[in-house]
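Below: one structure, written as structure tokens.
The values are calculated or read from the model by the stated rules, or taken from the named source; none is laboratory data. Everything numeric here is computed off the predicted structure, so don't read it as measured data. Here the Cβ positions follow ideal geometry from the backbone for every residue, glycine too, while neighbour counts run over all protein chains shown.
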Amino acid sequence: METAIIKIGNSKGLRLSKTILEKYNIKDKVEIILEKDQIILKPIATPRKDWEKAFEKMHKNNDDRLMFNDVFEDENIEEWN
């Protein structure tokens, strides 16, 4: 596939079609990987994507319990007040 380099202010860039953006799930940013004789554009995955669904599933399965007490035996809570 060939595409033109376009002027963007004092810089230059390239335009990606809607089809490419959707196919490779490119939203706002890409990672640029520079390798010998090539430039690779890689979509940046959204951090914490689908965490809400995972938390709901954990809650449904009763897996959202503390693994250890939130107050240790030797901890003095009054010193935090």
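Observations
- Residue in segment 6-20 that is touching a Gly at 6+ places or on another chain (Cβ under 7 Å), farther than 30 Å from ASP64 by Cα and either hydrophobic (A, V, I, L, M, F, W, C) or modelled with pLDDT of 90 or more (or both) present: yes
- Counted residues, segment 22-33 - those being touching a strand residue (DSSP E or B) at 6+ places or on another chain (Cβ under 9 Å) and either of a type in the set (A, V, I, L, M) or within 18 Å of MET1 (Cα to Cα) (or both): 5
- Residues that are surrounded by 10 or more Cβ atoms within 10 Å (Cβ to Cβ), under 17 Å from the mean Cα position of the chain (by Cα) and either in a loop (DSSP other than H, G, I, E, B) or polar (S, T, N, Q) (or both) are absent from segment 2-23 altogether.
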